[in-house]
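Report on one structure; see the data block that follows.
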Amino acid sequence: MAFLEIEDVKVNYGKVRALKGVSIHIKEGEFIGLIGPNGVGKSTLLDTISGLVSEWTGKLKFDNIDLSKLTPSERIDLGLIHCPERRHLFQYMTVKENLIMGAYNKNARKSMNENMELVYHLFPILKERQNNIANTLSGGQAQMLAVGRALMSNPRLLMLDEPLLGVAPILKNEFVKVLDNLKKKKVTVLITEQEIFLTVRITDMIYIMNDGKITERGTSEQLKKEKDLQEIYFI
């Protein structure tokens, strides 16, 4: 049984169909990559799963629970956590206050201190700067804070939308270590990324999106055997 079941999901923005019948099945503990050029529907899919898109058709089930009538807040209570593109931090709050805001749901509050220790372990710079205002952080540090805040929410499934966007090359290796750590902890992750080969390296299964639909799927090794990954990506 799929932990997250996405079946024939379609989304329209006015007369434009952004998603054209997307189907993805994710097992608990899997690390799934969703890659493709900009504007093909990756962020729309994550927004739909988390409840930020209200008008859609198809089937969405999380841990065998129908998501169609649940609010974004109710989905968070289930442990379905979305770390969106462009961070959306509370700019005039401190690093620590931003992290605490990630633990506002009932289940997360119970383990707030434990999760805070985990975040500080994964991102030591956030502990150093816990009393700094968020808008004083560098781009890479701000992205660390966004991911850390998502981890504070006790995710059962963590959706990361372009977590390396705006991160300096020197910090990307640090992020890769964090993602590898999450994989070892068997956190279920759905990640969208422009960094094709990095995504291939850290994920169990890859879905390639183009023009609002899935065009290829498989493990990195399976995709490489079929044709050049760059060629697949730009279909």
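Out of the residues in segment 80-124 that are out of contact with any helix residue (DSSP H, G or I) (no Cβ under 6 Å at 6 or more places or on another chain) and of a type in the set (Val, Ile, Thr), state the one that is farthest from GLY148 (Cα to Cα).
Restricting to residues being out of contact with any helix residue (DSSP H, G or I) (no Cβ under 6 Å at 6 or more places or on another chain) and of a type in the set (Val, Ile, Thr), the top hit is THR94.
If I ask for residues that are charged (D, E, K, R) and within 20 Å of HIS82 (Cβ to Cβ), which ones from segment 177-203 would you list?
LYS183, LYS185, LYS186, GLU193, GLU195
Considering only residues that are part of a loop (DSSP other than H, G, I, E, B) and hydroxyl-bearing (Ser, Thr, Tyr), which ones fall in segment 29-72?
Hits for segment 29-72 are SER54, SER68, THR71.
I need a count of the residues in segment 194-229 that are modelled with pLDDT under 85 and either among the hydrophobic types (A, V, I, L, M, F, W, C) or closer than 15 Å to THR44 by Cα (or both).
7
Which one of LEU126, LEU145, LEU165 is in contact (Cβ under 8 Å) with a residue 40 or more places away in the chain, more than 25 Å from PHE197 (Cβ to Cβ) and not in a strand (DSSP E or B)?
Selected residue: LEU145, the only one of LEU126, LEU145, LEU165 that is in contact (Cβ under 8 Å) with a residue 40 or more places away in the chain, more than 25 Å from PHE197 (Cβ to Cβ) and not in a strand (DSSP E or B).
Quick one: is SER73 surrounded by fewer than 18 Cβ atoms within 10 Å (Cβ to Cβ), of a type in the set (Ser, Thr, Tyr) and either under 22 Å from LEU45 (Cβ atoms) or modelled with pLDDT of 95 or more (or both)?
Taking the combined requirement at face value, the residue satisfies it.
Just checking, how many residues over segment 1-28 are in contact (Cβ under 8 Å) with a residue 60 or more places away in the chain and among the aromatic types (Phe, Trp, Tyr)?
So the answer is 1.
So SER68 ticks every box in (1) more than 23 Å from ASP180 (Cβ to Cβ); (2) crowded, with 17+ Cβ neighbours inside 10 Å but one. Which box is left unticked?
Unmet for SER68, out of (1) more than 23 Å from ASP180 (Cβ to Cβ); (2) crowded, with 17+ Cβ neighbours inside 10 Å: (2).
Please work out which residue is farthest from the chain's Cα centre (by Cα), limiting yourself to segment 166-196 and to residues that are under 29 Å from HIS25 (Cβ atoms), surrounded by fewer than 20 Cβ atoms within 10 Å (Cβ to Cβ) and among the polar types (S, T, N, Q).
Out of the qualifying residues, it is ASN181.
The values are calculated or read from the model by the stated rules, or taken from the named source; none is laboratory data. All of these numbers come straight from a predicted model, not from anything done at the bench. Counting neighbours? That spans all protein chains shown, and the Cβs are built from the backbone with ideal geometry, glycine included.
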